[in-house]
Amino acid sequence: MNAGLKLLLTIWIAIEISFVTNLTVNLVVIGVSLIILLFTKIKWQSLFKLFFWPLFPAAGLLVSQLFYGNGGPLFAWILFTRIYAYVLVGAIFTETTDLTTLALTLEQNFHLPAKFAYGVLAAFNLLPKIVEQVKTIKTAGLMRGVVLHFWSPQLYFKAILASISWSENLAEAMTSHGFVEGQRRSHRYPTRLNYLDWGLFIAVIIAFQLLIWVATNSQSLF
Amino acid sequence: MKQQRWSLRNIILIALIAIFCGLIFWGAGFLYTALTVALTPLGMAPYANDILMGLWCMAGPLTGYIIRIPGSAFLGEFLGSAVEVFLGGQWGASAFISGLVQGIGSELGFTLTGYKHYDWLGLSASILSTTIITFAWDWFRSGYNQYGALMLIGLFVTRLISTFVFAGLLTRLITNLLDRSQVLNR
């Protein structure tokens, strides 16, 4: 599916499950997402992480509702499964999409101005360098006997200084490679958004509404 | 920063600051897990969320202050949360929505003060709008609507203090450093 539509679908589903308080819906979303994830040949290790880390916030919400909530155990379990539904739906998106494809399709098919698509993409491509930079700043601090924590203004200050100089360099580099703001562009890698994508998108949305409708109208079964 | 407009350079700058912030918060993720583990047996785990809320909402006011264009706080906050999605945070897809919600919250403060008050007034408005809007979101998402009044007041005050400390105080300290070093050439 087209990466932009996939993002829209992910956000759409996540918003709907936030407002539909129904255990069946959450469980079906988790089940279907898991099957899709297994088809993407996700590594077992990543799958384990997907289930392990959300356990903390999910269990936290569960216990808290059981102790102090007025919604009863069913409501508490809905909150518990909701977290997993978010995480698994999100994982389908991140496992099957890379940022470059997303940026390209947002620019070509969704009318996002090129400067946003390529500017943000350029910044995200620096991610490994940014990780390095945070370490460098912290180490440089240590050499002067200063420990920089996440609450130290100096850490952010130095990070912003690096951002300012890098953004200037990147923008200049892009301009010297022929990037002109607001100019029409031709595309080396055209992305597609065809009827099949739209059909699938609408089909998933309709199926999801049906699921919600069936689940909320057959509460007596559960 | 003589011309404040959506130039390529400014967009990259917003994205870079957002990624830096996203990364630093992601690094502090262990703190959230530790807090949650400690508070879960007491049933107080939502406090872990609200204690750290301000930290996650820092990218917005910071980018909003540095790049003074309507929409920059929103973009910064949203991209900061997108970093967490791609690094694999605990919240999965809902981090996108949290980013949207927090982005709107941060932005609204600057909007309400007409994008003219880049001082304590604008920052306070941003703190307040962020707290209220993110709280409203958790009202639905995290089932806050089922808690008693005492718990709700406690959570709200905790969130307000956290947002004040991180998105307010810390942001102000950072921007003071920036102003003093005159790197922003205003």
Inter-part distance where segment B:32-79 and segment A:69-126 are each reduced to a Cα centre, Å:
18 Å
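I need the trypsin sites (Lys or Arg not before Pro) found in segment A:136-222, filtered to DSSP loop residues with at most 14 other beta carbons within 10 Å of theirs. Walk me through the numbers before you get to the answer.
Working: sites: A:K138, A:R144, A:K158, A:R184, A:R185, A:R188, A:R192; in loops: A:R144, A:R184, A:R185, A:R188, A:R192.
Qualifying residues, ordered by number: A:R144, A:R184, A:R185, A:R188, A:R192.
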Report the gain in length on full extension from A:M1 to A:N70: 0.36 nm times residue separation, minus Cα-Cα distance, nm rounded to one decimal.
20.7 nm
Let me check against my output: what whole-number percent is the relative contact order of chain B, with C-alpha pairs under 8 Å and at least 6 apart?
25 percent
About its Cα centre, what dipole magnitude does segment B:15-143 give when the only charges are +1 on Lys and Arg Cβ and -1 on Asp and Glu Cβ, stated in debye to the nearest 20?
100 debye
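What's the buried accessible area, both sides, between A and B using a 1.4 Å probe, rounded to 100 Å²?
On the way: alone 15070 and 9310 Å², together 18660 Å².
When A and B are taken together, about 5700 Å² of accessible area is lost.
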Rounded if a/c is under 1.5, else prolate if a/b is larger than b/c, else oblate: which is chain A, with a ≥ b ≥ c the root eigenvalues of its Cα gyration tensor?
oblate
Spatially proximal lysines relative to A:K41 (Cα-Cα < 20 Å; intrachain offsets below 8 disregarded)
A:K6, A:K49
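Based on the Cβ-Cβ distance from B:S181 to A:L127, what FRET efficiency comes out when R0 is 30 Å, to the nearest 0.05? Don't skip to the end; give the middle numbers.
Values: r = 26 Å, r/R0 = 0.86.
Efficiency computed from Cβ-Cβ geometry: 0.70.
Which trypsin sites (Lys or Arg not before Pro) in segment B:1-67 sit in a loop by DSSP (not H, G, I, E or B) and have at most 13 other Cβ atoms within 10 Å of their own Cβ? Please list the in-between numbers first.
Details: sites: B:K2, B:R5, B:R9; in loops: B:K2, B:R5.
Here the sparse-neighbourhood loop sites are B:K2, B:R5.
In what sequence, largest accessible area first, do A:I36, B:I11 appear using a 1.4 Å probe? Intermediate values should be presented prior to the final figure.
Details: A:I36 75, B:I11 0 Å².
Largest to smallest exposure gives the sequence A:I36, B:I11.
What value, in deg cm²/dmol to 500, does the helix sum -39500 (n - 2.57) over DSSP H runs of n ≥ 4 give at 222 nm once divided by the residues of the protein assembly as shown? Intermediate results must be reported in sequence, preceding the final value.
On the way: 19 runs with 301 residues, N = 408.
Rounded to the nearest 500, the figure is -24500 deg cm²/dmol.
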By the C-alpha gyration tensor axes a ≥ b ≥ c (rounded if a/c is under 1.5, else prolate when a/b exceeds b/c, else oblate), the shape of segment B:8-181 is prolate
Lysines whose Cα lies under 24 Å from that of A:K129, excluding same-chain neighbours fewer than 8 positions away
A:K115, A:K138, A:K158
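The values are calculated or read from the model by the stated rules, or taken from the named source; none is laboratory data. Worth saying up front: this structure is predicted, and the values here are computed from it rather than measured. Here the Cβ is made from the backbone with ideal geometry for all residues, glycine too, and neighbour counts use every protein chain on show. Areas reflect the complete protein model, heavy atoms only, side chains present, ligands, DNA and RNA absent. Shrake-Rupley method; radii C 1.70, N 1.55, O 1.52, S 1.80 Å.
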